[in-house]
Structure formats: structure tokens, C-alpha cells
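Take a look at the structure set out below.
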């Protein structure tokens, strides 16, 4: 949705207005983890995330661009599953050289709370923020900076453009690069190589399917299958 009522008038929402609804669930999740780390049991941290983040997504949903695109939903789900499994392989192959694969096992309750969060909640808010907001904002900024008549491309992008106007599947190298940096920044340094590759893979999926639904499905499948892989193999270092 791109507008809101202001009195009797309809005001278009631009990217500066949209930053809060797109970014708040993401930063709430990060904030809960950061503030709770070493202070709260891991089970409490995940319960708080399960309680708070979906409520923020529900509140903000009316401002989000549609997650469906011009292609069939069934096709996007299929591609999401395929890319999700491919993402699992890429993630494990590129992360393995930087970690102790065996790692430390998780408590059963904490593991399943994290698995639920990672498979159901994280893919929604993270893809909305990274591919839904940052990728498209970066694309509009990239287009504006090429226009010599625009004095401040960033201000133009924030105050006069709306990411909801971006054509499904539109992309640029700069948009991929900036969104990949943002995605990787949300991960630990040892995960950066894997995170860069995974973010590029999700960008390719956006370009192919022209929707966020496939990216959300893929992200959820990767996280779910990673959790199951760790559980059944005992390779806790990936978790």
C-alpha cells in the first residue's frame, strides 16, 4: 500500500516514511538478541521474538508492497523450494572452512524454538527488509545518481521515490551489492562469505520470479533444512 489518509486527502508514502514499517521488525529482532545475550536464557529470547516480531509484522503489513508478483504462486513456491535447498548447499560449503563443524549441541527446547523462528519468522521480516526495502531503495538511488539533473540522489530516493513503485524483478549491480552488504552485516564475521553468496542467490531468485514470495519461501526452506541437517548429523557448528 502506497498511501495513507491525511484528513480528507490521500498522502503518498515515500521511502523515508516506509523505513519504519519495513525496518522495525528487523531491528526489533536484532535488539532482542543483542539485549538478551548473556542476560536471558536462550529460550526466553526466542519466546520474546516469537511474541513481538509477528505483532510488528501484522501492524506494518498494510504498508508493504505485495509479496506476490506477476508469475503464478505455485511456480514461486516451487522455485523457492529449489533455491532454498540450493542455498543450504551453498551455505554449508562456504561456511564449513571457517567453523568447527561439530560445535556445541543445543538444548532441545532452545533448538526447536530457534528452528521455528528461523523457518517461519526470520524469512518474512528479513526478506521484506533486505530484498523488499534496501534492494529497491538502492536501485532507485542507483537510477537517480545517473541523472545529472538530480542534486542529491539519496534525498531524492528517500523523499520523492517509493519502493512500492519498483517494477517486479527490476535490478542493478549496485542494488545487489548494497543489499548483499546489508544482509551480510546481520551475520557473524565467520558467516560473511556464505552470507554474500546466499544474498546474491536470493537476488537472482528475485530477478527470475519477480516477487518476494519466492525469496521468503527459499529463505524459510534453507533455514528449516539447515536445522534438520544439524539435528540429524550432529554438526552443530552450522547452527
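The values are calculated or read from the model by the stated rules, or taken from the named source; none is laboratory data. Predicted model, so just to flag it, every value in this text is computed and none were measured. FYI the Cβ positions are ideal-geometry reconstructions off the backbone, even for glycines, and counts take in every protein chain you see.
Structure values in brief
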{"read-out": "Residue within region 138-161 that is at positive phi and crowded, with 17+ Cβ neighbours inside 10 Å present", "value": "no"}
{"read-out": "Criterion violated by residue 84 - all others in (1) assigned to a helix (DSSP H, G or I); (2) in contact (Cβ under 8 Å) with a residue 40 or more places away in the chain; (3) exposed (fewer than 14 other Cβ atoms within 10 Å of the Cβ) satisfied", "value": "(3)"}
{"read-out": "Yes/no for residue 230 being at pLDDT 95 or above and surrounded by fewer than 17 Cβ atoms within 10 Å (Cβ to Cβ)", "value": "no"}
{"read-out": "Residue satisfying condition, being out of contact with any strand residue (DSSP E or B) (no Cβ under 6 Å at 6 or more places or on another chain), more than 20 Å from residue 14 (Cα to Cα), surrounded by 15 or more Cβ atoms within 10 Å (Cβ to Cβ) and modelled with pLDDT of 95 or more, within set 173, 124", "value": "124"}
{"read-out": "Neighbours by Cβ (under 6 Å, 6+ apart or cross-chain): first from region 43-72, touching a residue at least 24 places away in the same chain (Cβ under 8 Å); second loosely packed, with under 14 Cβ neighbours inside 10 Å and part of a helix (DSSP H, G or I)", "value": "43/109"}
{"read-out": "Count of region 53-81 residues which are in a helix (DSSP H, G or I) and closer than 17 Å to residue 207 by Cβ", "value": "5"}
{"read-out": "Test set (1) more than 19 Å from residue 64 (Cα to Cα); (2) touching a helix residue (DSSP H, G or I) at 6+ places or on another chain (Cβ under 6 Å) - residue 214 fails condition number", "value": "(1)"}
{"read-out": "Some residue of region 99-112 being crowded, with 20+ Cβ neighbours inside 10 Å and assigned to a helix (DSSP H, G or I)", "value": "no"}
{"read-out": "Lone unmet requirement of (1) surrounded by fewer than 14 Cβ atoms within 10 Å (Cβ to Cβ); (2) within 30 Å of residue 55 (Cβ to Cβ) for residue 93", "value": "(2)"}
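Residues are listed down the side, and each one gets a yes or a no for (1) at pLDDT 95 or above; (2) within 22 Å of residue 210 (Cβ to Cβ):
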residue: 9; (1), (2): no, no
residue: 20; (1), (2): yes, no
residue: 27; (1), (2): yes, no
residue: 73; (1), (2): yes, yes
residue: 77; (1), (2): yes, yes
residue: 87; (1), (2): yes, yes
residue: 94; (1), (2): yes, no
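So that you can scan it fast, the table gives a plain yes or no per residue for (1) outside any helix (DSSP H, G or I); (2) in contact (Cβ under 8 Å) with a residue 24 or more places away in the chain:
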| position | (1), (2) |
| --- | --- |
| 119 | no, yes |
| 124 | no, yes |
| 128 | no, yes |
| 136 | no, yes |
| 150 | yes, no |
| 154 | no, no |
